[in-house]
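First the structure, in the form of C-alpha cells, and then the observations on it.
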Amino acid sequence: MLDSFLIANAVTSGLLLGCLYAIASMGLAVSFGMLDVVNIAHPAMMVLASFLIAVICAASGLDPLLAAVLLAPPFGLLGAGLYRVYYIFFERRGQEAMQGLAFFFGLMIVIEVALILVWGGDQRWVETAYGGHSLNLGPIGLPLRMLFPALMALAAIAVLFVWLRRSFTGRAVAAVAQDREALRFMAINPIRIKTIAFGLSIALAAIAGGCLIVVQPVDAHSGHIYLGRVLAVVILAGLGSLPGTLIAALIFGVIENLTATIFGPAWSPAVAFGLLLVMLAFRPQGMFGGAHG
Amino acid sequence: MSRVMYLHIGLVVAAVAMILGLRLLGNEYAWYMGYIILQYVLLAVSWNILAGYAGYVNFGTAAFFAAGAYTTILLGKWLGLDLLLCVLAAGVVSGLLGLGMGWLTLRLRGVYFSIATLSLAVVLQTLVVNWPYAGGSSGVYTLRPQDYLVFGNFSEFLFVLMLVLAFSGIAVAAWIERSRLGLGLTTIRDDERAAAAAGVPTLRLKLAATTISGALMGMAGAPLPYYASYLNPEAAFSLNYTINAMAMTLIGGTQSWVGPVIGAVLLGTLQQGATVTISSAANLLIVGGVMILFVTLAPKGILGLIRARRRKGDRA
C-alpha cells in the first residue's frame, strides 16, 4: 500500500528526475522563452545527442556524461548554423508564425525517422560502472544512475546562470530577450547575439542527451514525450524565466513520479500534456512570468 | 452563371467521372487508394481553413481525426448506429473539440494554440489507451458489411462516402473564402490587433474556424474503423495524419483551397506508390524533407510558384 516510505522515495526520485527535466527544458527556455524561436525540434535534438553519445561510448568506453561535454561544442555550432538558416528563411521574411513552426516540426520528424533508418527502432542504452549502485540515506535510496546526471544537470545550469549574469555576451542575451532594438543603440548586433544564444540552447540539448541516456534507455520516439514535458515546464515557469524553469522542472518531476506511483505509469504521459492544457487555459503567463501574452 | 455554380457543377461532374472511371477499372485496390487520397484531400483542406485563412497552426490533426474514428467505434458498440449517422456524430464531437481548444487558447498568441493542439493529441490518446470499453491499447475490430444499399461492394461505398465528404469540404472551404468569415480571418492573419481595433470580432471568427476545421477532420476519421476493419490508438493517433495535412497544404499553397488539393493529390499519390516499394519510415522522411524544402525555398507553395510565373509572363 501507499506508505510514507514509498511516497518519500517517489518524491526523492521525482526531484532527481526533475533535474533531468530542468536541463532538458533549459535549452528551450533560452530559445523559446528568451529568443522567441519556437524550437519544437529541441527534444528530438536531445535524443539525437543521446544516440550519438551511445555510439561514442560503445566505441571508446568513455563515460556518457563526459561524452556529452565533448559533444556540446559541435552541437552548439550546429545550433548557430540552424539559427542562421531560420533567420534567413523565416524570421527576416516575417514568416516564423507558420512556415517557421512547420520548419521545426518537419525537422523533428526528419531527425526521428533518420534515427530509425540508421539505427533501427530499438532502445539504446549505455552501461556505466555505477549503473547498478545506489546511495542509501536511511530508507531512501538514491540510484547513482539518476544522481550523477542530476548533479551534472545542476552544474551545467549553474554555469549557464553565472555566464548570463557575469559575462558581457551573456548579459546581451538577457537584453535581447527584453528589447531587441535597444541592443542596436549599444552597437551590438542582436542577430549575432541570438545566433550565439541559440547555439548555446542546442549545446544544452547535447548535455541533456548525455544525462538522459544514463537515466533511461532511449529510442527514436523518446522525444515525443519529452516535447510535452519541456513545453509544460517552460510554460509552467513562465517564458524566459530561467530560475523559474529549474523550480518548475523539479515540481513537475515530483508530480509526474507521484502520479506514476499512485495511478500507474500508463497515466504519466497525460500528466505533462494535461498540466500544459490547464496552464494554457488558466495561467498562460506561468507561475513566475510577468504578464506577456 | 456565377463562379459558385461553376465550382459546384465542376465538383459534381468530377465526382461522377471518378466513380464511373473506377467502376470501369473494376479493381478493389483502386477504391482503397482513392479513399486514402480523398481522405488526405479532406484533412489538408480542413487544416488550411485555420492555417491558410487565419494563420493558426494546428498540430493536432491526428487528435481530431482519431476523435472521429473513435466516435464511430463507441456509437457502433453502444447503440449499433449506422456509419452515416456516425459520420455526422463525429463531425459534432470533433467540432466541439475544436471549439473547446479554441476557447481555451485563442485569446493567446498563435503559438500557444499550436502547443495546446499538440497536447490534445497526447491527452486523448492516453485516455483511449486507458479505456477498456474503447478497446484500450490493443484496439478493436469492426465487422464490415458485405455490401451497402446500391453499391456493389463496401469498399466502393466507403470511397463514395469519402468522395462526398471531401468535395463537401472543398465546397465549405470555397464558401469561407468568399464569405465575411473568410474576409475576417484574412484580416486576423495579416494583423490581429488592427483587425480587432477595426471592429472585427476576432475571437468569434477564430472559434467558427476551429469548429468547422475540427468537424471536417472528425468526419474524415469517422469511416476509418470500417476502412481498416481494425483500430488501435497508435494507428488512429498516428503523427502521419498531422504531418501529412501540414505538408500537403504547405506544398500546395495556403492562399486558397486549390493548394491543399494539389498537395494532397501529389503527395498522396506519391506515398501510395512509394509504400509499395520503400518502408513507411522512409516515406515519412520524404514527406518531412519535402515540406522543409518547400517552406524554405517556396514558402507560397506550388500555387505561389504558378502565380509568380504568370506574373512574369504578363510583364514580358
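With respect to B:TYR241, is the statement that it is modelled with pLDDT under 90 and either of a type outside the set (A, V, I, L, M) or over 20 Å from the mean Cα position of the chain (by Cα) (or both) true? The answer is no for B:TYR241. Listed conditions (1) among the hydrophobic types (A, V, I, L, M, F, W, C); (2) out of contact with any Leu (no Cβ under 6 Å at 6 or more places or on another chain); (3) within 14 Å of chain B (Cβ to nearest Cβ) are all met by A:ALA80, apart from (3). All of (1) farther than 24 Å from B:TYR112 by Cα; (2) modelled with pLDDT of 90 or more; (3) more than 9 Å from chain B (Cβ to nearest Cβ) hold for A:PHE104 with one exception: (1).
A Cβ distance below 7 Å, combined with a sequence gap of six or more or placement on separate chains, defines the contacts here; from the stretch B:106-130, residues that are touching a residue at least 40 places away in the same chain (Cβ under 8 Å) and β-branched (Val, Ile, Thr) reach residues that are part of a loop (DSSP other than H, G, I, E, B) and surrounded by fewer than 21 Cβ atoms within 10 Å (Cβ to Cβ) in the pairs B:VAL129/B:GLY136; B:VAL129/B:SER137. When the stretch A:144-188 is filtered for residues that are among the charged types (D, E, K, R) and part of a helix (DSSP H, G or I), the ones remaining, listed by number, are A:ARG145, A:ARG165, A:ARG166, A:ARG171, A:ARG180, A:GLU181, A:ARG184.
When you check A:ALA220 against the structure, is it surrounded by 20 or more Cβ atoms within 10 Å (Cβ to Cβ) and not in a helix (DSSP H, G or I), yes or no? So that I can check it myself, show each step before the final result.
Details: surrounded by 20 or more Cβ atoms within 10 Å (Cβ to Cβ): yes; not in a helix (DSSP H, G or I): yes.
It is true that A:ALA220 is surrounded by 20 or more Cβ atoms within 10 Å (Cβ to Cβ) and not in a helix (DSSP H, G or I).
Inspect the stretch A:1-12 for any residue being within 14 Å of another protein chain (Cβ to nearest Cβ) and at pLDDT 90 or above and give the result as yes or no. No, there is no match, as no residue in the stretch A:1-12 is within 14 Å of another protein chain (Cβ to nearest Cβ) and at pLDDT 90 or above.
Among the criteria (1) in a helix (DSSP H, G or I); (2) over 15 Å from the mean Cα position of the chain (by Cα); (3) farther than 30 Å from A:GLY120 by Cβ; (4) not hydroxyl-bearing (Ser, Thr, Tyr), the one A:GLY33 does not fulfil is (2). Among residues of the stretch B:78-94 that are over 18 Å from B:TYR227 (Cβ atoms) and in a helix (DSSP H, G or I), none has a beta-carbon under 8 Å from a residue that is at pLDDT below 90 and among the β-branched types (Val, Ile, Thr) at least six positions away or on a different chain.
Can you tell me which residues in the stretch B:23-75 are small (Gly, Ala, Ser), within 9 Å of the chain's Cα centre (by Cα) and within 14 Å of chain A (Cβ to nearest Cβ)? Matches in the stretch B:23-75: B:ALA44 only.
Taking the stated definitions as given, is A:PRO43 at pLDDT 90 or above, crowded, with 22+ Cβ neighbours inside 10 Å and touching a helix residue (DSSP H, G or I) at 6+ places or on another chain (Cβ under 9 Å)? Break it down into steps so the answer makes sense when it comes.
Working: at pLDDT 90 or above: yes; crowded, with 22+ Cβ neighbours inside 10 Å: yes; touching a helix residue (DSSP H, G or I) at 6+ places or on another chain (Cβ under 9 Å): yes.
So A:PRO43 passes the test.
Being assigned to a helix (DSSP H, G or I), under 20 Å from B:ILE37 (Cβ atoms) and out of contact with any Lys or Arg (no Cβ under 6 Å at 6 or more places or on another chain) is the requirement here; does B:LEU165 meet it? Show your work before the answer.
Numbers: assigned to a helix (DSSP H, G or I): yes; under 20 Å from B:ILE37 (Cβ atoms): yes; out of contact with any Lys or Arg (no Cβ under 6 Å at 6 or more places or on another chain): yes.
Yes; evaluated as a whole, the condition is true for this residue.
Please work out if A:VAL85 is aliphatic (A, V, I, L, M), closer than 24 Å to A:ILE193 by Cβ and surrounded by fewer than 18 Cβ atoms within 10 Å (Cβ to Cβ). Considered against the rule, which asks whether it is aliphatic (A, V, I, L, M), closer than 24 Å to A:ILE193 by Cβ and surrounded by fewer than 18 Cβ atoms within 10 Å (Cβ to Cβ), A:VAL85 comes out as yes. State all residues of the stretch B:76-116 that are more than 12 Å from chain A (Cβ to nearest Cβ) and small (Gly, Ala, Ser); if no residue qualifies, say none. Result: B:GLY76, B:GLY80, B:ALA89, B:ALA90, B:GLY91, B:SER94, B:GLY95, B:GLY98. Residues that are surrounded by fewer than 24 Cβ atoms within 10 Å (Cβ to Cβ), touching a Pro at 6+ places or on another chain (Cβ under 6 Å), in contact (Cβ under 8 Å) with a residue 12 or more places away in the chain and closer than 14 Å to A:ASP219 by Cα do occur in the stretch A:118-125.
Going through A:LEU117, A:LEU137 one at a time, which residue ends up being modelled with pLDDT of 85 or more and in contact with a helix residue (DSSP H, G or I) (Cβ under 9 Å, 6 or more places away or on another chain)? Before you say what the answer is, go through the steps one by one.
Details: A:LEU137 fails: modelled with pLDDT of 85 or more.
Testing whether each residue is modelled with pLDDT of 85 or more and in contact with a helix residue (DSSP H, G or I) (Cβ under 9 Å, 6 or more places away or on another chain) leaves just A:LEU117.
I'm trying to understand the selection: among the residues of the stretch B:244-272, which are more than 14 Å from the chain's Cα centre (by Cα), more than 14 Å from chain A (Cβ to nearest Cβ) and under 15 Å from B:LEU38 (Cα atoms)? The answer is B:LEU266, B:THR269, B:LEU270, B:GLN272. Within the stretch A:224-267, the set of residues being within 14 Å of another protein chain (Cβ to nearest Cβ), of a type in the set (Val, Ile, Thr) and either in contact with a His (Cβ under 7 Å, 6 or more places away or on another chain) or crowded, with 18+ Cβ neighbours inside 10 Å (or both) comprises A:VAL230, A:VAL233, A:VAL234, A:ILE235, A:THR259. Would you say B:LEU303 is crowded, with 16+ Cβ neighbours inside 10 Å, away from every other protein chain (no Cβ under 12 Å), under 19 Å from B:ALA54 (Cβ atoms) and aliphatic (A, V, I, L, M)? Taking the combined requirement at face value, the residue satisfies it. Of the residues making up the stretch A:239-246, none is in a helix (DSSP H, G or I), closer than 21 Å to A:PRO73 by Cα, within 18 Å of the chain's Cα centre (by Cα) and touching a residue at least 12 places away in the same chain (Cβ under 8 Å).
The values are calculated or read from the model by the stated rules, or taken from the named source; none is laboratory data. Bear in mind the structure is a predicted one, so any value in this text is a computation, not a measurement. Glycine gets a Cβ as well: all are built from the backbone with ideal geometry, and neighbour counts include every protein chain shown.
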